[in-house]
Structures are given as C-alpha cells and as structure tokens.
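Okay, structure first, notes after.
Values quoted throughout were computed directly from the atomic coordinates according to the rules given, and no laboratory measurement underlies them. Fair warning: this is a prediction, and the values are worked out from it, not measured in the lab. We place every Cβ from the backbone using ideal geometry, glycine too, and count neighbours over all the protein chains shown.
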C-alpha cells in the first residue's frame, strides 16, 4: 500500500472517530454505535427518517462546539436513541 493511500485511510478513520465524539458517543458501547450505524445505513435518501437525520447532522456541524468526552445524549436529543 502506498504512503498516500495509508495517509488517506488514516485521515478517514480519524474523521469518522471525530463524528462519534461530536455525537456525544465517545463513551458508548461499541456494539450500540455499530448497530446505530447499520440501522442508519439501511435508510434510503427518500425516506423521511433519512432526511430528519441528515438535517440533524447538518445542524450539529453548524454548531462548532464539540460534545464533551463521555457525554451521553438523552433519548430526546439523540436521533439514534429515539
């Protein structure tokens, strides 16, 4: 594997880990996180739930303050727990 490809993969993994932290799930059970991601991956872009999650994520990106490590989202604040 070329160094450029390895760097790209490392950057992608770091970015994806950052999304977990931004969502407030850094301390969550890994099986829960994977299950939530699998559930989200099954949604189709034309489904209302997909659009709802997309809007929620867009709003979270607009909020530049990262979630604190270990923050546990409440069921009311997390689309994946509702």
**Fill in**
Largest-first semi-axes in Å of the equivalent ellipsoid built from the Cα gyration tensor of the stretch 3-62 are 23, 15, 13
**Sites residue 6 and residue 41 - FRET efficiency at Förster radius 25 Å, r taken between beta-carbons, to 0.05** = 0.50
